[in-house]
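As structure tokens, the structure follows; a few thoughts come after it.
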Amino acid sequence: MADLSVNIGNLKLCNPVMTASGTFGYGKEFEDFVDLKSIGGIIVKGTTLHHREGNPYPRMAETPMGMLNAVGLQNKGVDYFVEHIYPQIKDINTNMIVNVSGSAIEDYVKTAEIINELDKIPAIELNISCPNVKQGGMAFGVSTCGCSEVVKAVRNVYKKTLIVKLSPNVTDITEIARAAEAAGADSVSLINTLLGMAIDAEKRRPLLSTITGGMSGAAVKPIALRMVWQVVKAVNIPVIGLGGIMNWKDAVEFLLAGASAIQIGTANFIDPAITVKVSEGINNYLERHGFSSVKEIIGALEV
């Protein structure tokens with residue numbers, strides 16, 4: 001078997017396959033389908049400072065080659081996570097990573113401070129695609145200034161591995177990635193969902209209560225792949241690639257483009273064991289091509 005281990009900052013992964021936040025619950029929900037310790041890292045659903053009900057229903061819609069969601073970061077808040085969820089997941093033998101979201105910088109900072117004290121959580125993923133209520137709802141991650149401000153504030157209080165999740169709904173994602181790196185990010189993950197919408201023609205109404213939502217699934221892969229390739233060339237920190245990865249071949253393409261690890265999202269809803277199948281597929285690819293380590297193919301795209 002090839003060496004599948006990779007590093008994201010100080011974080012060591014047994015293989016480059018991770019789960020995308022919001023698609024794998026808190027991990028425990030999938031333990032009947034897959035050996036959780038065989039996954040490189042599990043990023044749990046978005047966690048905010050306070051309880052959030054999320055958006056009204058309907059908030060999910062199927063689209064050709066993908067799906068739209070407007071769940072709205074429904075969760076019971078970080079204190080509930082610490083008291084009730086953390087004790088259940090702390091002994092899972094892999095990297096358990098918390099996705100942190102907020103509507104104000106103070107929310108991000110306080111949530112990160114609380115999670116920093118949890119021994120068995122080695123990293124957080126900062127979701128900067130959230131609307132900044134103090135800037136009229138514009139997402140933190142769509143401007144270099146907004147990105148820099150929130151990442152720097154969190155970096156000041158968070159002492160472990162800091163991954164920043166980037167929004168694709170920008171003019172130049174490389175500028176945002178550079179801003180995250182300069183502000184202290186140990187890694188960036190991309191892409192988050194693309195903004196889309198769906199309409200019921202017969203009812204002449206949108207399918208989502210929020211009208212627009214985040215699009216994910218196979219259809220977004222070419223865009224995600226392009227953005228990962230661009231960001232890899234723009235920064236000196238590890239890049240985690242995600243967006244439309246449905247099988248091992250998709251994962252290998254992201255690794256060739258320069259991603260140090262990948263995340264699987266929508267595919268988890270289709271096949272709850274897809275993470276293991278992808279890591280096995282990567283191993284088979286490496287052996288078939290005579291590589292002894294996955295690191296040999298990271299960024300090996302010939303152009």
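The values are calculated or read from the model by the stated rules, or taken from the named source; none is laboratory data. It should be emphasised that the depicted structure is a prediction, and the values quoted were computed from it without experimental measurement. Note that we place each Cβ from the backbone using ideal geometry, even for glycine, and neighbour counts take in every protein chain shown.
For the range 247-269, a tally of residues being in a helix (DSSP H, G or I), within 18 Å of the chain's Cα centre (by Cα) and either farther than 18 Å from Val44 by Cα or of a type in the set (Val, Ile, Thr) (or both) returns 7. Among the residues here, Ala123 does not qualify as farther than 20 Å from Ile262 by Cα, modelled with pLDDT of 95 or more, of a type in the set (A, V, I, L, M, F, W, C) and under 19 Å from the mean Cα position of the chain (by Cα).
Looking only at the range 76-88, which residues are under 19 Å from Ala112 (Cβ atoms) and either part of a helix (DSSP H, G or I) or modelled with pLDDT under 95 (or both)? Residues satisfying the conditions are Val78, Asp79, Tyr80, Phe81, Val82, Glu83, Ile85, Tyr86.
Among the residues of the range 251-287, the ones that are within 20 Å of Leu68 (Cα to Cα) and either of a type outside the set (Val, Ile, Thr) or surrounded by fewer than 18 Cβ atoms within 10 Å (Cβ to Cβ) (or both) come to 8 in all.
In this structure, Asn7 does not qualify as in contact with an Asp or Glu (Cβ under 9 Å, 6 or more places away or on another chain), touching a residue at least 60 places away in the same chain (Cβ under 8 Å), farther than 21 Å from Ile270 by Cα and not in a loop (DSSP other than H, G, I, E, B). Among the residues of the range 210-242, those that are under 14 Å from the mean Cα position of the chain (by Cα), β-branched (Val, Ile, Thr) and not in a helix (DSSP H, G or I) comprise Val239, Ile240. Restricting the first member to the range 206-218 and to residues that are without any contact (Cβ under 8 Å) to a residue 40 or more places away in the chain and farther than 23 Å from Asn268 by Cα, and the second to residues that are in a strand (DSSP E or B) and of a type in the set (D, E, K, R), the beta-carbon pairs closer than 9 Å and six or more apart or on different chains are Pro206/Asp200. Scanning the range 139-161 for residues that are in contact (Cβ under 8 Å) with a residue 60 or more places away in the chain and surrounded by 19 or more Cβ atoms within 10 Å (Cβ to Cβ) returns a single hit, Thr161.
Listed residues Ala234, Ala273, Ala198, Ala182; which is at pLDDT 95 or above, among the hydrophobic types (A, V, I, L, M, F, W, C) and in contact with a strand residue (DSSP E or B) (Cβ under 7 Å, 6 or more places away or on another chain)? Selected residue: Ala198, the only one of Ala234, Ala273, Ala198, Ala182 that is at pLDDT 95 or above, among the hydrophobic types (A, V, I, L, M, F, W, C) and in contact with a strand residue (DSSP E or B) (Cβ under 7 Å, 6 or more places away or on another chain). The sole residue among Leu49, Leu73, Leu118, Leu126 that is touching a Leu at 6+ places or on another chain (Cβ under 9 Å) and either in a loop (DSSP other than H, G, I, E, B) or of a type outside the set (Gly, Ala, Ser) (or both) is Leu126. Among residues that are small (Gly, Ala, Ser) and out of contact with any helix residue (DSSP H, G or I) (no Cβ under 8 Å at 6 or more places or on another chain), Ala267 is not included.
When Asn93, Asn99 are screened for being of a type outside the set (A, V, I, L, M), closer than 28 Å to Asn15 by Cα and not in a loop (DSSP other than H, G, I, E, B), only Asn99 passes.
Given the criteria under 17 Å from the mean Cα position of the chain (by Cα) and either assigned to a loop (DSSP other than H, G, I, E, B) or closer than 23 Å to Ile262 by Cα (or both), does Gly54 qualify? No: the conditions fail for Gly54. If we keep just the residues of the range 274-303 that are among the polar types (S, T, N, Q) and more than 21 Å from the chain's Cα centre (by Cα), which is farthest from Met246 (Cα to Cα)? Filtering the range 274-303 for residues that are among the polar types (S, T, N, Q) and more than 21 Å from the chain's Cα centre (by Cα), the one farthest from Met246 (Cα to Cα) comes out as Ser292.
Looking only at the range 194-243, which residues are of a type in the set (S, T, N, Q) and closer than 23 Å to Ala177 by Cβ? Across the range 194-243, the qualifying residues are Ser216, Gln230, Asn236. The single condition among (1) touching an Asp or Glu at 6+ places or on another chain (Cβ under 7 Å); (2) crowded, with 20+ Cβ neighbours inside 10 Å; (3) closer than 27 Å to Asp91 by Cβ that Leu126 does not meet is (1).
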